[in-house]
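S.K.: Below: one structure in structure tokens.
The values are calculated or read from the model by the stated rules, or taken from the named source; none is laboratory data. Here the structure is a predicted model, which is why all the values come from computation and not from measurement. Virtual Cβ from ideal backbone geometry, glycine too; neighbours counted across all protein chains shown. All accessible areas refer to the heavy atoms of the entire protein, side chains included, with ligands and DNA or RNA removed. Shrake-Rupley method; radii C 1.70, N 1.55, O 1.52, S 1.80 Å.
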Amino acid sequence: METYTLTTAGADLVYDVRGPLPTADGRPPLFLIGHPMDASGFVALAARFPDRTVVTYDPRGLGRSSRADGRVDYTPEILADDVHAVITKLGAGPVEMFASSGGAVTALALVARHPDDVTTLVAHEPPLITITPDGPAAVRARAGVRDAYEKRGWGAGMAAFVAMTSWEGEFTDAYFAQPAPDPAAFGMPAEDDGSRDDPLLSDRSWAVSGHRPDADAINAAPTRVVIAVGEESRAVQTGRTSEAAAELLGQAVTVFPSHHGGFLDGEFGYPGKPDDFAARLREVLDAS
């Protein structure tokens, strides 16, 4: 693996390349992206593609990448332009892409803005909360996570986030009537460390979850777009946002093994099924 830094007007973007460029098999590089997950979250998945040249990166302001634009928020358009800059720097033509969570939102914006960058995009569980039928309630639930984080710190915010993302079905009065979840019940600290800059729990990434993809531009692009959902996620928020994104683009979801982090091993807590997940991703990519 080789690691590089690309300096742009607003950021120093660190990315990793596993394998040769140009690629040994003539296929496009496989680019794996997330948000707020950085490249470290894709180690297990990348290892399951030893025959491919795999590229991962840290989004601006996360992991090893710094930012110099004077901002602390994240928008899909800026993130998409960063990915475009890395793809251009690779100099290997368009890529195949697996993008998960907020990275899937970035990738949809990338296809709309730079339609020649990606041949096939597998967008896994994009958390596009405003396009679901209960969008206003989902926005309220998101604000509840931010409020818990602002008032009581990381443990309380993460407990509220877990409660929100594990709720099945639409956000009803029953959801909002629940008592605040106890961080200890999730194995999280109740102590407040004083930080308020977490991109997942603060409002810094609201532009990501509040994004509405440009369906016309995406469908007009030469990119084959696949909206993917984990089989265990169908009833919870990211499963419902995936269904809504697929409907917006006039397609059906493609089901993958496991859950929102189905490609992860045990390094980050709740493990997925990385072997099964990688096999399914390979099958979907090979079908293009």
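S.K.: With (1) of a type in the set (Gly, Ala, Ser); (2) open to solvent by less than 20 Å² (accessible area, probe 1.4 Å); (3) part of a loop (DSSP other than H, G, I, E, B); (4) touching a strand residue (DSSP E or B) at 6+ places or on another chain (Cβ under 8 Å) as the list, and Ser202 as the residue in question, which single condition is left unmet?
M.R.: Checking Ser202 against (1) of a type in the set (Gly, Ala, Ser); (2) open to solvent by less than 20 Å² (accessible area, probe 1.4 Å); (3) part of a loop (DSSP other than H, G, I, E, B); (4) touching a strand residue (DSSP E or B) at 6+ places or on another chain (Cβ under 8 Å), the one that fails is (4).
S.K.: With the checklist (1) farther than 14 Å from Gln237 by Cβ; (2) in contact (Cβ under 8 Å) with a residue 12 or more places away in the chain in hand, flag the one item Gly169 doesn't pass.
M.R.: Of (1) farther than 14 Å from Gln237 by Cβ; (2) in contact (Cβ under 8 Å) with a residue 12 or more places away in the chain, only one is false for Gly169: (1).
S.K.: In the set Ala160, Ala137, Ala123, Ala141, which member is at pLDDT 95 or above, among the aliphatic types (A, V, I, L, M), buried (at least 17 other Cβ atoms within 10 Å of the Cβ) and over 30 Å from Gly250 (Cα atoms)?
M.R.: Details: Ala137 fails: over 30 Å from Gly250 (Cα atoms); Ala123 fails: over 30 Å from Gly250 (Cα atoms); Ala141 fails: over 30 Å from Gly250 (Cα atoms).
Every option except Ala160 fails the conditions.
S.K.: Could you give me the residue pairs with C-beta distances under 8 Å whose first residue belongs to region 207-226 and is charged (D, E, K, R), whose second residue is open to solvent by 10 Å² or more (accessible area, probe 1.4 Å) and part of a loop (DSSP other than H, G, I, E, B) wherever it lies, and which are 6+ apart or on separate chains?
M.R.: Arg224/Ser288
S.K.: Another one. State whether one or more residues within region 233-250 are assigned to a loop (DSSP other than H, G, I, E, B), buried (at least 19 other Cβ atoms within 10 Å of the Cβ) and among the basic types (Lys, Arg).
M.R.: There is no residue in region 233-250 that is assigned to a loop (DSSP other than H, G, I, E, B), buried (at least 19 other Cβ atoms within 10 Å of the Cβ) and among the basic types (Lys, Arg).
S.K.: Look at region 257-288 and say how many of its residues are assigned to a helix (DSSP H, G or I), free of Cβ contacts under 8 Å to residues at least 12 places away in the same chain and open to solvent by 70 Å² or more (accessible area, probe 1.4 Å).
M.R.: Of the residues in that region, 2 qualify.
A quick yes/no check of all residues on (1) at pLDDT 95 or above; (2) open to solvent by 10 Å² or more (accessible area, probe 1.4 Å); (3) touching a strand residue (DSSP E or B) at 6+ places or on another chain (Cβ under 7 Å):
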{"site": "Leu13", "(1), (2), (3)": "yes, no, yes"}
{"site": "Arg18", "(1), (2), (3)": "yes, yes, yes"}
{"site": "Leu21", "(1), (2), (3)": "yes, yes, no"}
{"site": "Phe31", "(1), (2), (3)": "yes, no, yes"}
{"site": "Arg48", "(1), (2), (3)": "yes, yes, no"}
{"site": "Thr53", "(1), (2), (3)": "yes, no, yes"}
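S.K.: Would you mind finding the one in Thr75, Thr119 that is assigned by the TED database to the domain that holds Thr23, hydroxyl-bearing (Ser, Thr, Tyr), within 27 Å of Ala46 (Cβ to Cβ) and touching a strand residue (DSSP E or B) at 6+ places or on another chain (Cβ under 9 Å)?
M.R.: Selected residue: Thr119, the only one of Thr75, Thr119 that is assigned by the TED database to the domain that holds Thr23, hydroxyl-bearing (Ser, Thr, Tyr), within 27 Å of Ala46 (Cβ to Cβ) and touching a strand residue (DSSP E or B) at 6+ places or on another chain (Cβ under 9 Å).
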